[in-house]
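Beneath this line is the structure, given in structure tokens, with notes to follow.
The values are calculated or read from the model by the stated rules, or taken from the named source; none is laboratory data. Keep in mind it's a predicted model, so treat the numbers as computed, not measured. Cβ sites come from the backbone with ideal geometry, for glycine too, and all protein chains shown count toward neighbours. Keep in mind that these areas ignore ligands, DNA and RNA; they rest on the heavy atoms of the full protein, side chains included. Shrake-Rupley method; radii C 1.70, N 1.55, O 1.52, S 1.80 Å.
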Amino acid sequence: MLRSLFAALRIRLVMLGEAGSALGVLVPRGLRAWRGGDLAALFATAETQRHVFALLRAIWPNLVLSRRLIAAYDNTGTAIVTRQTDVTEVLEREADFAVVYEPRMRAITDGESFFLGMQDSAAYARDVSLMRLAVRRDDVAQRVVPTVAARAGTIVVAAPGRLDVPAELALPVLAHLVATYFGTPGPTQRDLAEGTTLMFWWLFADLGADKAVTRRALAAASATRSWLDAAIADRKATPTEADDVLNRCLALQRAGTPGMDDLGIRNNLIGLLIGLVPTLSKASVLALAQLLDRPEALAGAHAAARKGDDAVLAAHLFEALRFDPVNPIIYRRAVNDTEIARGTLRARRIPAGTMVLAANLSAMFDPLAVEAPERFRSDRPWRDYMLWGYGMHACFGAHINRAVIPQMLKPLLALPGLRRAEGAAGQVDGGGSPFPQHFTVTWDV
Ligand code: HEM
């Protein structure tokens, strides 16, 4: 009992210490950003976000504001939830904290919602189940890993000592996966990448409801609907024996399965492609960038890649991604007036309509749940990670992600002297979007 009391006090002192150092970093940076008139840019980096969350976790773990921070979806105010136990509570209480994406999902399909935009319902269960029949867990080892490993290996072997990771490795590998495993090659690799990226941006990252992003995402949605409709019609007109996702959907259609008419197939495929292409590309770049800044961790990943030890390689990459995940927050809207962290000193009332930002980045750095969270460690239990959601809507592609990211980066990480290219080319460049477009690395030849 006494030992537990001391341990609890020690962790809280650590949290207060982290909050103090966070203030020391944030105040001068905030003043500089304020003078430069660009406060939003301050929060664009994961490193600053981690400081903000350290402060909140210690002082205001559940901060409720009457101010709306997100304009893309209707809401009446904002709550920021930062401790791991409260983040999981929000994402587990699906009936009280609902997904908000439905209106934009419907605009993208020009009709029905996609299952990430649905609450627990018969339609949700049907669509997830159908897509699990088409995109099977066995495929990860049997289809996805060999496809990605072979294509990534070929690209790296042919590279002349430098490679632009998103443009020359991630997108070609993912476009090849979409063409061969899904059976739906885009019109061009570039159209596939740009279209899915714009739609993802609009659905999940356009927090300020930017008019230009809306216009471009709706144009991309219309083009994507057209080429997927054509791909489905072509396949029906000229059937193939390929064992791919599209043929599995069409087999379900022939069996009279509800939800698998042409529109149902197309809408589900749009949702999966939006989930797959920009995310896996961005995650690979972010994980690699974090590793390249940590010589010891990079050496560990390099040794694992050379030995072909996929588990150790993956442990390094997912630990790297913990420091800069693709989604640092997951947002939900309170359906009714409710309360979180009930019975604790940090309990807060959440009015109906509040946008609740469940900070998964913060959860992965919460010392109350994660041991020595500030340290880079490749021996963490998988439960410490919340890299792609939690609860009912946790990522459909979770097992694909765990396989694809290491397989895509393995040939690169096996190279000697891997490092960022000199100058601007070696910095992650989003080209005005929140998605890496260019990031060049080089190695010893
Ligand atoms: C590293 C890559 C990925 C990241 C970071 C990622 C991130 C996420 C996150 C954060 C969620 C939860 C969203 C929420 O609760 O509001 C989610 C759900 C989802 N993801 Fe992923 N994702 C990735 C890859 C994929 C892939 C490869 C696919 C398709 C094969 C995919 C399809 C989906 C779908 C369909 C959902 C909705 C699940 C449901 O509603 O039950 N994602 N993803």
### Summary
Residue-normalised value, i.e. accessible area per residue, for the chain at 1.4 Å probe, in Å², stands at 45
### Query
Sorted by mean Cβ packing within 10 Å, highest first, what order do the peptides 336-347, 16-27 take?
16-27, 336-347
#### Entry: Prolate/oblate/rounded call for the range 2-442, Cα gyration tensor, a/c under 1.5 rounded
oblate
#### Entry: Magnitude of the charge dipole, the chain, Cβ model with Lys/Arg +1 and Asp/Glu -1, debye to 20
840
### Query
Do the sum for the chain: with -39,500 (n - 2.57) for every DSSP H run of n ≥ 4, divided by all residues, what is the mean residue ellipticity at 222 nm, to the nearest 500 deg cm²/dmol?
-16500 deg cm²/dmol
### Message
For a Förster distance of 41 Å, can you work out the FRET efficiency between the beta-carbons of Asn336 and Glu422, rounded to the nearest 0.05?
### Response
0.15
## Note on the structure
Rounded to the nearest 0.05, FRET efficiency between Leu16 and Ala347 (Cβ-Cβ, R0 25 Å) equals 0.75
### Query
What order, most packed first, do the peptides 81-93, 258-270 have when packing is the mean number of other Cβ atoms within 10 Å of each residue?
81-93, 258-270
### Task
Sequence neighbours fewer than 8 away in the same chain don't count; with that in mind, list the lysines whose C-alpha is under 26 Å from Lys211.
Lys282
### Query
At a Förster distance of 25 Å, what's the computed FRET efficiency of Leu23 paired with Leu368, Cβ-Cβ distance as r, to 0.05?
0.80
### Summary
Packing-ranked peptide list from 70-76, 350-356, highest mean Cβ count within 10 angstrom first, is 350-356, 70-76
### Query
When the Cα centres of the range 150-215 and the range 18-32 are compared, how far apart do they sit, in Å?
36
#### Entry: Partners for Lys410 among aspartates and glutamates (Cα-Cα distance below 14 Å; same-chain residues under 8 apart left out)
Asp309, Asp310
### Summary
For the range 400-445, the percent of accessible surface on carbon and sulfur atoms (probe 1.4 angstrom, ligands and nucleic acids excluded) is 53
### Task
List the aspartates and glutamates whose Cα lies under 15 Å from the Cα of Lys236, skipping any in the same chain that are fewer than 8 positions away.
Asp244, Asp261, Asp262
